[in-house]
Amino acid sequence: MYIVNLASELAPVAKVGGLADVLLGLSRELSWKGHDVDIIIPKYDCMNSAEIRDLQIFHPDLMSFFEGGWYPNTIWMGWVENLKVYFIEPHHPRYFFNRGCCYGCEDDIDRFLYFTRTALEFMFKRGFRPDIIHLHDWQTAVGAPLYKDMYVPLGLNSAKIVFTIHNIEYQGKCTKDNLDSIGMHGINYLVPNKLQDNQNDQSINLLKGGIVYSDFVTTVSPSYAREVQTPVQGKGLEKTLIQYSSKFTGILNGVDYSYWNPEVDRYLPTQYSPREKPLDKKDHKTLDAKGFVKKYLREKLNMPEEHRPIIGCVCRLVPQKGIELIKHAIKYSAENNAQFVLLGLCPIPSIAKEFHELKNSYADDQNINITLHLQEDLSHIIFGGADMIIVPSLFEPCGLTQLIALKYGTIPLVRKTGGLGDTIYDIDNDVPAAHMGNGYVFEDPTNKALESALSRAFDCWFHHLEKWRKMMIDGMAVDFSWNVPSNKYLEIYNNLLQKL
Ligand code: ADP
Ligand code: GLC
């Protein structure tokens, strides 16, 4: 099967969050299973180009339409982790991807509309005949109506369209004029059964376009698929998702174990695996190695070597992630003999200011360490060296850090929402059949509920070491790889192709 992914992120070359991990992990697994997988992403000036092999010009002057004119683009081709990736570099005078960032520009809508139109134009001009075009999030959602209404009539018609919603919070709301700029007749789409926003009848909603026009729509966990069909979590699109529920499902993300794996992790000072399980009480190889990573983490961050658990948190610091709960967990840890390591990027200036102030307020407390930027190597050392990872999100479509943590023998403490509730079960509570307790879970988004989970976790770490160790080793052995999820995507792709 020939699958082309259109996306705005790809690990490790252009990563902001989990979308990048998913693009790499799913594509790599499908390619291992014998399928042809191509990925098309923008050529950002801030890309981590060191991770691209044999980058070369594939098409020097592909013309693409924007605001009434045609503009040249250089299409590059290179290999990322053995996957073929095309990079689009526009030579439009606004230089859409030479902004030093992936997102956060005032004209993000124009940037990604331009990208998606150019990607389809490229496939059309170069005679690509994919079986599946897989679109991701609002940035490439317009690919669905563009394909059906503009490119199928032109002859690019071999593919079925699959659209994955990684986060319904970001919908790409814009005006009909924005659609005009890429050659669509915006006014034709400003109607309820097309791209008109459900809450503002003058607005176009690109994510809605992805849902309406795609042949199949997925999101990234079964619980989130249910949640987004309710008014609280659907963010205005619940009606549309209910209407199209027969072509909508939730598939839990996997983790790429060739990258996120303490057995092979290039950033850890030592490797370890659950197979080195203690043979008897004197032999604790896995735990010794993990203990060494903890020591290394402390040294790196200048934290004292004391008998305390380290609580880690690795996330984008945005309201979704439970900002107030994260702050409270830091305070509670400081007051209860724990150490806390926060690695967070704050894209929102007001939140950035709050966390810089918080960092200053703990300047004299070496048990609390706050790093406020993206740092890949440190994230791996935290997953390996911390005892626990907290993910107190207000909502979470899937969440990858709790799954990565499990693989590293680091106990997740999560709020029960979306994919967090589908993957982590409380060790002290009744667990549904076929699952096992693998962490700590709280439900209410309150300090009190968070504290009750944290206090149970601390108690276990300080006083019930064998229970803690068993939970670690058992969690490391559970399979959250892409093997099962990629088969579910393949089943969807195959079903669609049989309908041709
Ligand atoms: P989201 O996509 O909502 O940000 P996920 O849990 O799905 O959340 O994925 C987050 C990914 O980004 C993980 O791979 C995590 O390790 C990584 N990450 C988040 N914040 C940082 C940071 N400050 N530095 C390095 N990696 C980070
Ligand atoms: C989004 C979600 C996150 C999910 C990721 C990858 O960024 O916020 O929960 O894991 O996409 O699908």
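The values are calculated or read from the model by the stated rules, or taken from the named source; none is laboratory data. All of these numbers come straight from a predicted model, not from anything done at the bench. Ideal geometry is used to build each Cβ from the backbone, glycine not excepted, and the neighbour counts take in all protein chains shown. The area values use the complete protein model at the heavy-atom level, side chains included, leaving out ligands, DNA and RNA. Shrake-Rupley method; radii C 1.70, N 1.55, O 1.52, S 1.80 Å.
Could you identify the single residue in 393, 379 that is hydroxyl-bearing (Ser, Thr, Tyr), within 13 Å of ligand 1 (Cβ to nearest atom), assigned by TED's automatic domain parsing to the domain that holds residue 297 and touching a helix residue (DSSP H, G or I) at 6+ places or on another chain (Cβ under 6 Å)?
Selected residue: 393, the only one of 393, 379 that is hydroxyl-bearing (Ser, Thr, Tyr), within 13 Å of ligand 1 (Cβ to nearest atom), assigned by TED's automatic domain parsing to the domain that holds residue 297 and touching a helix residue (DSSP H, G or I) at 6+ places or on another chain (Cβ under 6 Å).
Given the conditions (1) in a strand (DSSP E or B); (2) within 19 Å of the chain's Cα centre (by Cα); (3) not charged (D, E, K, R), and given that residue 402 satisfies all but one, which numbered condition is not satisfied?
Unmet for residue 402, out of (1) in a strand (DSSP E or B); (2) within 19 Å of the chain's Cα centre (by Cα); (3) not charged (D, E, K, R): (1).
Can you name every residue in region 296-330 that is away from ligand 1 (no atom under 14 Å from the Cβ) and surrounded by fewer than 14 Cβ atoms within 10 Å (Cβ to Cβ)?
Within region 296-330, 299, 302, 304, 305, 306, 307 qualify.
Restricting to region 384-436, and then to whatever is among the aromatic types (Phe, Trp, Tyr) and away from ligand 2 (no atom under 15 Å from the Cβ), can you tell me which residue is most open to solvent (accessible area, probe 1.4 Å)?
Selected residue: 425.
Could you tell me whether residue 381 is more than 12 Å from ligand 2 (Cβ to nearest atom), in a strand (DSSP E or B) and touching a residue at least 24 places away in the same chain (Cβ under 8 Å)?
Judged against the criteria, residue 381 is not a match.
In region 133-158, what residues are more than 29 Å from residue 320 (Cβ to Cβ) and touching a strand residue (DSSP E or B) at 6+ places or on another chain (Cβ under 7 Å)?
147
From 168, 187, 161, 182, grab the single residue that is among the β-branched types (Val, Ile, Thr), farther than 28 Å from residue 490 by Cα and touching a strand residue (DSSP E or B) at 6+ places or on another chain (Cβ under 9 Å).
One residue alone meets the criteria, 182.
Among the numbered criteria (1) closer than 30 Å to residue 419 by Cα; (2) more than 16 Å from ligand 1 (Cβ to nearest atom), which single criterion is violated by residue 182?
That leaves (1) as the condition not met.
Restricting to region 200-223, name every residue that is of a type in the set (Ser, Thr, Tyr) and in contact with a strand residue (DSSP E or B) (Cβ under 6 Å, 6 or more places away or on another chain).
Within region 200-223, 203, 214, 218, 219, 221 meet the criteria.
Tell me which residues, restricted to region 307-345, are without any contact (Cβ under 8 Å) to a residue 12 or more places away in the chain and either not assigned by TED's automatic domain parsing to the domain that holds residue 380 or not in a helix (DSSP H, G or I) (or both).
307 - this is the single residue of region 307-345 that is without any contact (Cβ under 8 Å) to a residue 12 or more places away in the chain and either not assigned by TED's automatic domain parsing to the domain that holds residue 380 or not in a helix (DSSP H, G or I) (or both).
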